[in-house]
Amino acid sequence: MRLVLVGPPGAGKGTQAVHLAQHFAIPHISTGDIFRSNIKGETELGLLAKSYMDKGELVPDSVTNDMVADRLTHPDTANGFLLDGYPRNVDQAKFLDGVLASRNIPLDAVLEFQLDNSEIVKRLSGRRVCKNCGATFHITLDKPKRDGICDKCQSELYQREDDKEEVIKRRLEVYAEQTAPIVSFYREEGLLISMSAEGEVEEITQRAISALKTAVS
Ligand code: AP5
């Protein structure tokens, strides 16, 4: 399965990606996670990415496209992959098509998560992320067993810089202006599956698996 997840910030792409990647036994490739791990490692790429991410802007395509093209050469992608957070504009979508066409491995599906802005703001403003393993929680909707501590590795949880109110607002604008057009792009390619991202995490996972199985069979 070669799959792209698209949807506004906070729609639950990262949360669902973990379950879908496990179900289909494919790697979860999140450009946001790759950038955050570079920020944590204080690499040159991390420094550059941080200057855009903290403002809610997209990291330049010149950096992001090459990073993804390289990641897709890793052997773990031989049986497919799940891209989360990429592509994020039409130029990235065209670049990805070119890379996959040159390797004769077209996408199977693009799954779009739809969610109202009011729910998005609620989810993002309460999100907490593990400093060590990156696991995601929510202060009321998906509480860790101990406040501020990761259930999986017992490390401290933190709030992402870009989950502050003014940055959330800018990320939503950037989504509407730059990312939403890829929905039509993939609809025209016949790859788009749109679904509601409302409801419990497990319920959404089942909805996504059944939509993907129907579309890809
Ligand atoms: P990225 O990390 O990709 O962020 P995003 O797309 O804005 O997505 P989020 O991670 O905010 O949300 P999500 O949909 O994954 O939701 P989640 O599952 O965490 O990108 C960050 C930045 O990196 C960008 O702004 C940009 O600067 C840069 N970047 C990344 N990719 C790029 C690219 N291709 N090009 C250029 N720049 C790029 O859920 C959110 C919260 O809701 C959590 O607390 C979760 O616990 C909770 N939750 C999830 N599901 C449910 C549910 N069903 N019910 C209740 N709560 C739920």
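The values are calculated or read from the model by the stated rules, or taken from the named source; none is laboratory data. Quick caveat: nothing in here was measured; it's all calculated off a predicted structure. Note: ideal-geometry Cβ built from the backbone for every residue, glycine included; neighbour counts use all protein chains shown. Heads up: the accessible areas ignore ligands, DNA and RNA and are worked out on the full protein's heavy atoms, side chains in. Shrake-Rupley method; radii C 1.70, N 1.55, O 1.52, S 1.80 Å.
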Filter result for residue 187 (out of contact with any Pro (no Cβ under 6 Å at 6 or more places or on another chain) and not acidic (Asp, Glu)): yes
Quick test for you: out of 25, 69, pick the one residue that is out of contact with any Pro (no Cβ under 9 Å at 6 or more places or on another chain), open to solvent by 40 Å² or more (accessible area, probe 1.4 Å) and at pLDDT 95 or above. 25
Say whether the condition of being open to solvent by 20 Å² or more (accessible area, probe 1.4 Å), of a type outside the set (Ser, Thr, Tyr) and near the ligand (Cβ under 8 Å from one of its atoms) is met by at least one residue in the range 96-113. no
Out of curiosity, is residue 95 more than 30 Å from residue 122 (Cα to Cα) and among the aromatic types (Phe, Trp, Tyr)? yes
Pick out the one residue from 184, 155 that is without any contact (Cβ under 8 Å) to a residue 60 or more places away in the chain, in contact with a strand residue (DSSP E or B) (Cβ under 8 Å, 6 or more places away or on another chain) and among the small types (Gly, Ala, Ser). 155
Just need a number here: residues in the range 28-57 that are closer than 27 Å to residue 201 by Cα and open to solvent by less than 50 Å² (accessible area, probe 1.4 Å). 8
Please go through (1) near the ligand (Cβ under 10 Å from one of its atoms); (2) without any contact (Cβ under 8 Å) to a residue 24 or more places away in the chain; (3) open to solvent by 30 Å² or more (accessible area, probe 1.4 Å); (4) closer than 18 Å to residue 85 by Cβ for residue 143 and return the number of the only condition it doesn't satisfy. (4)
Does the range 123-134 contain any residue that is more than 22 Å from residue 168 (Cα to Cα) and crowded, with 17+ Cβ neighbours inside 10 Å? no
Output the residue which, of all residues in the range 184-205 that are within 12 Å of the ligand (Cβ to nearest atom) and part of a helix (DSSP H, G or I), is most open to solvent (accessible area, probe 1.4 Å). 202
